[in-house]
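Encoded as structure tokens, the structure appears first; notes follow it.
The values are calculated or read from the model by the stated rules, or taken from the named source; none is laboratory data. Just so you know, these numbers come straight off a predicted model, no measurement behind them. As a convention, Cβ positions derive from the backbone with ideal geometry for all residues, glycine included, and neighbour counts pool all protein chains shown.
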């Protein structure tokens, strides 16, 4: 009796290769939606045999030491902060993906990049699929981004955009956004994973063939990740994230992936009514008035490779109820709770019956442990009603034993503190939180005189 030949799984995920006997809307392995399609084997299509083809003239494999890189110099975008994040400029043929929350200013930033490139004598094609040409023109008038070398196309069809590329022959192509463009060679509506993959792959292939840098705008999901298939982030050369708080005008541009430079650079921008402006030295943005006030302390935080002074403020008041409140803004709440426990156990600073409020200045968020010591000093001085001298900064991570641990890039932080005029830096050399508070009390604190601002 002949044995029955097992049949292949009729459906396969195009992202991870997971197979299933029936169609499902979501892949059971990578959890992507709309990536499960009917496989070619189950459809009765014979797999194609790959035949060897001789490489074209000039494209044969060569030793890596013989590869010439002088023909691909970096081009400045005209915005120093944008070039800083990219690693020194835009590389010809590079594919750059820019993501961010809705309304954070992605289109405004790229329109400024387009205008600056056009002023430098490079032709730019801006393909907008989300806004009409009139809307983009009005924004350009408001931000001063009008230029004859900046071409605008309101298109959502991939073939039409490629036609504009052939006609205009730009030196920079901006697609806003990749989720709004569709290709007739792929099924589904615009934004479908298969459409995003096809559009991105086609445009990237054109970028490599013509040495044409392309900047894509990418949507984000509710959890902040880039919408579409994960392969989109693998295809591009650079992945940038534009972030900022809606309550403040400060914006940060960070790199999540960069094949041509570092991934720890941060660009600072200020969103104004006239557009977006660079902030080359944001050192003064996160400081208060500069007057010594009880419950404040300066720390030197790292934003990418930048060392920035940030003022931490604390306030303690007697609790009005049985359960004291712990309210934080800009810092991690569990870490503040741990620091309060350390102050009570290791430094004998009792705030168990007080409401404690901890915040940062300027809307910046401190997520690194290097700010632990500054938070502890701010809470302790708020309780003792003594002010830390204005030229004192604190850097260090606190352990549960009360020790002050060293932080990353400590030398760079001390150098930045010295450059900004801070004469005393309290760090791991103080050894423990108790010793640090004794040092603060002995050299950097003074009692608050009635009616006066307390200072040393």
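One line per residue, one yes/no per condition, for (1) loosely packed, with under 15 Cβ neighbours inside 10 Å; (2) free of Cβ contacts under 8 Å to residues at least 60 places away in the same chain; (3) in contact with a helix residue (DSSP H, G or I) (Cβ under 7 Å, 6 or more places away or on another chain):
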| position | (1), (2), (3) |
| --- | --- |
| 160 | yes, yes, no |
| 164 | no, yes, no |
| 170 | no, yes, no |
| 179 | no, yes, yes |
| 183 | no, yes, yes |
| 186 | no, yes, yes |
| 192 | no, no, no |
| 204 | no, no, yes |
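Just one residue in the set 104, 175 is outside any loop (DSSP other than H, G, I, E, B) and either in contact (Cβ under 8 Å) with a residue 24 or more places away in the chain or surrounded by 15 or more Cβ atoms within 10 Å (Cβ to Cβ) (or both); that residue is 175.
May I ask you to say which residue of 267, 228 is in a loop (DSSP other than H, G, I, E, B), crowded, with 20+ Cβ neighbours inside 10 Å and in contact with a helix residue (DSSP H, G or I) (Cβ under 6 Å, 6 or more places away or on another chain)?
On the way: 267 fails: in a loop (DSSP other than H, G, I, E, B).
So the residue among 267, 228 that is in a loop (DSSP other than H, G, I, E, B), crowded, with 20+ Cβ neighbours inside 10 Å and in contact with a helix residue (DSSP H, G or I) (Cβ under 6 Å, 6 or more places away or on another chain) is 228.
Residue check: is residue 324 surrounded by fewer than 19 Cβ atoms within 10 Å (Cβ to Cβ) and part of a loop (DSSP other than H, G, I, E, B)? Break it down stepwise before answering.
On the way: surrounded by fewer than 19 Cβ atoms within 10 Å (Cβ to Cβ): yes; part of a loop (DSSP other than H, G, I, E, B): yes.
So residue 324 passes the test.
So that you can scan it fast, the table gives a plain yes or no per residue for (1) more than 23 Å from the chain's Cα centre (by Cα); (2) at pLDDT 95 or above; (3) closer than 24 Å to residue 245 by Cα:
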| residue | (1), (2), (3) |
| --- | --- |
| 307 | no, no, yes |
| 310 | no, no, yes |
| 321 | yes, no, no |
| 330 | no, no, yes |
| 339 | yes, yes, no |
| 344 | yes, no, no |
| 347 | yes, no, no |
| 356 | yes, yes, no |
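Just to be sure, is residue 387 assigned to a strand (DSSP E or B) and either under 19 Å from residue 424 (Cα atoms) or modelled with pLDDT under 95 (or both)? Answer is yes for this residue. Taking (1) touching a helix residue (DSSP H, G or I) at 6+ places or on another chain (Cβ under 7 Å); (2) modelled with pLDDT under 95 in turn, residue 91 satisfies each apart from (1). Output yes when any residue across segment 17-37 is touching a helix residue (DSSP H, G or I) at 6+ places or on another chain (Cβ under 6 Å) and modelled with pLDDT of 60 or more, and no when none is. The answer is yes, given that some residue of segment 17-37 is touching a helix residue (DSSP H, G or I) at 6+ places or on another chain (Cβ under 6 Å) and modelled with pLDDT of 60 or more.
Hey, among 246, 306, which residue is under 25 Å from residue 140 (Cα atoms) and either crowded, with 18+ Cβ neighbours inside 10 Å or not assigned by TED's automatic domain parsing to the domain that holds residue 369 (or both)?
Numbers: 306 fails: under 25 Å from residue 140 (Cα atoms).
Criteria check complete, one pass: 246.
Just a yes or no: is a residue in segment 274-284 outside any strand (DSSP E or B) and closer than 19 Å to residue 176 by Cα? Reasoning before the result, please.
Taking segment 274-284 as the starting set, the residues that turn out to be outside any strand (DSSP E or B) are 274, 279-284.
Subset that is closer than 19 Å to residue 176 by Cα: none.
The answer is no; no qualifying residue exists.
Residues that are surrounded by 15 or more Cβ atoms within 10 Å (Cβ to Cβ) and not in a loop (DSSP other than H, G, I, E, B) within segment 120-138 comprise 124, 125, 126, 127, 128, 136, listed in sequence order. Inspect all residues belonging to segment 336-349 and state whether any of them is assigned to a helix (DSSP H, G or I) and under 25 Å from residue 284 (Cβ atoms). No; the residues of segment 336-349 include none that is assigned to a helix (DSSP H, G or I) and under 25 Å from residue 284 (Cβ atoms). The set of residues in segment 394-432 that are part of a helix (DSSP H, G or I), touching a helix residue (DSSP H, G or I) at 6+ places or on another chain (Cβ under 9 Å), in contact (Cβ under 8 Å) with a residue 12 or more places away in the chain and closer than 19 Å to residue 306 by Cβ comprises 410, 413, 416.
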